[in-house]
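A.B. asks: I have a structure I would like to understand better, so I am pasting it below and will then ask my questions one at a time.
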Amino acid sequence: MLISLEGAYDLHVHTHPCLFPRLCDDRAAVTAAAQAGLAGMMLKCHHESTVSRARELQREFDNFKVFGGIVLNEYVGGINPQAVEAALKMGAKEVWMPTIDADNHAKAHGSKGKYDVQEGGSTGDGSEIKGVNVLDSEGNINRQTKEVLKLVAEFDVILGTCHLSPDEIYKLVKAAKELGVKKILITHPFFKVPALSVSQLKELVAMGAKAEFGYCTVSPMWHYATVQEVTAALKEIGAENAIIISDAGQRHNPMPHESLRVFAQCLYECGMSKEELRLLMVDNPKALLNL
């Protein structure tokens, strides 16, 4: 059986403009996705809020939803409640914790601002590997992060854990739930950052989070996990507790909608049912977006 993308939402797409090389711009990604039958897409950028980009592009599409959010890298002031509040008031649907500027990312990749084979943005002079952290000197969630979590709860949007360390993610999820955050996505758990285990993921799901598995993790370039390993993890935690996304837009991957299709088809071939895939691509994303 050929898996259909009809009605699917891709909540993690990287497009141009960006300081990393990208396969396509916002319009090209959205146009292709709409033609492929998807119902919506979330634009993500490591260097700026995508809220205004999404809003302007939305005016061109009547039957396709375009969403934006903000990543809390140093380009927006790091863990910056003021930047978050502005983005949310302008329509952001997700607040992502730091990615390429996260302290954990810098330690895993040897520098901020780069991956194993690509650079995009400032990587520093290499003399100090230190990035953004959500913990204070005593190892607790810091004041700025708590302020951000309160805003995420107030606006009832998605919190993405991104490239934080497992310890930070545990503490973040706990604090987020205590402060009233209802929608938490554990960003690409099997990627090099954060590189969570299935048992860790099960604990986080039990705490109230959902897992976000992406094609990019299993792609030929990164291949941090196999499709079989993702399938096993989904069976372990339950499709009701996860979504799948492309995490695509890199020039070494197919177009985002095609990356999502290939990922979904591979999961089906490995044992995920059509009904489970609908949960992962349609129903669960819609619930996260309050649609």
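A.B. asks: Could you go through region 57-69 and let me know if any residue there is within 29 Å of Thr145 (Cα to Cα), aliphatic (A, V, I, L, M) and modelled with pLDDT of 95 or more.
C.D. replies: Yes, the conditions are met somewhere in region 57-69.
A.B. asks: Follow-up. Across region 275-291, which residue is surrounded by the fewest Cβ atoms within 10 Å (Cβ to Cβ) among those that are hydrophobic (A, V, I, L, M, F, W, C) and assigned to a loop (DSSP other than H, G, I, E, B)?
C.D. replies: Across region 275-291, the extreme among qualifying residues is Leu291.
A.B. asks: Residues in region 87-103 that are assigned to a loop (DSSP other than H, G, I, E, B) and either more than 17 Å from Tyr75 (Cα to Cα) or touching a strand residue (DSSP E or B) at 6+ places or on another chain (Cβ under 6 Å) (or both): how many?
C.D. replies: Qualifying residue count for the region: 7.
A.B. asks: With the requirement that a residue be over 12 Å from Phe191 (Cα atoms) and of a type in the set (Val, Ile, Thr), what does region 202-233 give you?
C.D. replies: Val205, Val227, Thr231
To keep it simple, each residue is scored yes or no on (1) farther than 21 Å from Phe155 by Cα; (2) surrounded by 19 or more Cβ atoms within 10 Å (Cβ to Cβ).
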site: Ser4; (1), (2): yes, no
site: His14; (1), (2): yes, yes
site: Pro17; (1), (2): yes, no
site: Leu23; (1), (2): yes, yes
site: His46; (1), (2): yes, yes
site: Ser52; (1), (2): no, no
site: Gln58; (1), (2): no, no
site: Phe61; (1), (2): yes, no
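A.B. asks: Another question, if that's okay. Restricting attention to region 206-237, and to residues there that are part of a helix (DSSP H, G or I) and of a type in the set (Gly, Ala, Ser), which single residue is nearest to Val173 (Cα to Cα)?
C.D. replies: That would be Ala206.
A.B. asks: State all residues of region 34-56 that are over 19 Å from Val148 (Cα atoms) and not in a loop (DSSP other than H, G, I, E, B); if no residue qualifies, say none.
C.D. replies: Selection gives Ala34, Gln35, Gly40, Met41, Met42, Leu43, Ser52, Arg53, Ala54, Arg55, Glu56.
A.B. asks: Let me ask something else. For region 240-252, indicate whether the set of residues that are assigned to a helix (DSSP H, G or I) and not aliphatic (A, V, I, L, M) is non-empty.
C.D. replies: yes
The values are calculated or read from the model by the stated rules, or taken from the named source; none is laboratory data. Keep in mind the model is a prediction, meaning the values are calculated, not measured. Cβ atoms come from the backbone with ideal geometry, glycine included; neighbour counts cover every protein chain shown.
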